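Read through the structure below, which is laid out as structure tokens, and then see the notes.
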Amino acid sequence: MIHPRLDDGEQMVVALQDHWVTLVMPIFIYIVGTLLAVTLGAVGMIFFPEQEVTRGLFILGATAVGLLFHHWLFIYLFEHEISAWIITTKRVISFSFLPYVKHDVSFIIISELHEIDKRKHGLLQNILNYGDVEINLAATPAPVTFHYVPRTSAFVNLLETLHKTPPDNIVIERLRKNYFA
Amino acid sequence: MPLWIPITLAVMHVLSHLWFLLVIKDTRKFVDGQLWVVSDAHSQIIQTKGLMWIKRIYGGTLLIWIPITFILLYS
């Protein structure tokens, strides 16, 4: 396994996770699934109290549904917790993770940035302050897109500042204070 | 109550815990292999604090399911 390291003199500026809005749908689906499981269990208990096999089958069904949605929620909690962007003085390191489905890591060298687009479409994205960031690199024809970036303006401005500032002039504390305080 | 019903329930709980262990194993593999790339305070927070709590709550809530389902079955 290759273990990427930070270069000498490279320092981390900030680490950002996906916006919390990515958890809304898994939580909603979890609530619906749990209600379904409770309903199945309740039907078995209320309508078939004397028929042990039927009641047992309903409880087995309720347990299966409940456990399924329980695992579903926590898989997405893990995804949210681990998927992150780490901005250093030289690179943007993107981690995208979903257990047994996605193990993505990408490195973007800031000095090779060609163009950065910030996209915040719709009422929700502008109220909750998140959006997409599209990065065009000089070396590659296809842009790299980050979705659900929180504080999109600060993210883009920080990259732009790091791109323009010579490495010796970067003051990390000042950058953190200016953009993510 | 026929014996196959509680046995099926027990098997479901065992499979559920096995999946939990597999998810933890895969998560640890990714974190140890990749995320340690930046040994800064921020990444430490990502690696340990949040993940540890999610793991505890995940495992704990799965354990709670066991008595609840068996009590319902035999009530």
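Roughly how tilted is helix A:24-47, in degrees to the nearest 10 and between 0 and 90, from the longest Cα axis of chain A? With rounding to tens, the tilt is 10 degrees. Here the Gaussian network model covers chain A, with springs between Cα atoms less than 10 Å apart; of A:Gly122, A:Gly66, A:Gly131, A:Gly122 fluctuates the most.
For region A:78-128, what D do you get in µm² per second when you plug the Kirkwood radius from alpha-carbon pairs into Stokes-Einstein at 10 °C and 1.306 mPa s? Stokes-Einstein gives a translational diffusion coefficient of 121 µm²/s. Among B:Tyr74, A:Tyr76, the ranking by other beta carbons within 10 Å of each residue's beta carbon, starting with the fewest, stands as B:Tyr74, A:Tyr76.
In a simple Cβ point-charge model (Lys, Arg +1; Asp, Glu -1; nothing else charged), chain A has a dipole of about 340 debye relative to its Cα centre.
The helix-based estimate of mean residue ellipticity at 222 nm for chain A, built from -39,500 (n - 2.57) per DSSP H run of four or more residues and divided by its residue count, is -15500 deg cm²/dmol to the nearest 500.
Note that region A:35-169 shows a convex hull volume over its alpha carbon atoms of 145 Å³ per residue. I need the Debye-formula profile for region A:25-78: one equal scatterer per C-alpha, no solvent, reported as log10 I(q)/I(0) at q = 0.20, 0.27, 0.29 1/Å, two decimals. For region A:25-78, the Cα-only Debye profile gives -0.64, -0.90, -0.98. In terms of surrounding Cβ atoms within a 10 Å radius of their Cβ, B:Phe30, A:Phe47, A:Phe180, A:Phe155 rank from fewest to most as A:Phe47, A:Phe180, B:Phe30, A:Phe155.
Students often get this wrong, so check it: of B:Lys25/B:Lys49; A:Lys102/B:Lys25; A:Lys90/B:Lys25; A:Lys120/A:Lys164; A:Lys177/B:Lys49; A:Lys102/B:Lys49, which have C-alpha atoms separated by over 20 Å?
Values: B:Lys25/B:Lys49 17 Å; A:Lys102/B:Lys25 14 Å; A:Lys90/B:Lys25 31 Å; A:Lys120/A:Lys164 24 Å; A:Lys177/B:Lys49 23 Å; A:Lys102/B:Lys49 22 Å.
Distance filter (> 20 Å) returns A:Lys90/B:Lys25; A:Lys120/A:Lys164; A:Lys177/B:Lys49; A:Lys102/B:Lys49.
Shown for A:Arg151, A:Arg174, A:Arg55, A:Arg119: other C-beta atoms within 10 Å of each C-beta, ranked fewest to most, produce the order A:Arg174, A:Arg119, A:Arg151, A:Arg55. Rg over Rh for the protein assembly as shown works out to 1.11, both radii taken from alpha-carbon positions and Rh defined as the Kirkwood radius.
Could you tell me which GluC sites (Glu not before Pro) in region A:1-109 are loop residues by DSSP with no more than 10 other beta carbons within 10 angstrom of their beta carbon?
Working: sites: A:Glu10, A:Glu50, A:Glu52, A:Glu79, A:Glu81; in loops: A:Glu10, A:Glu50.
Answer in residue order: A:Glu50.
No lab work stands behind these numbers, since they all come straight from the coordinates. No experiment lies behind these values; they were computed from the predicted model shown. We place every Cβ from the backbone using ideal geometry, glycine too, and count neighbours over all the protein chains shown.
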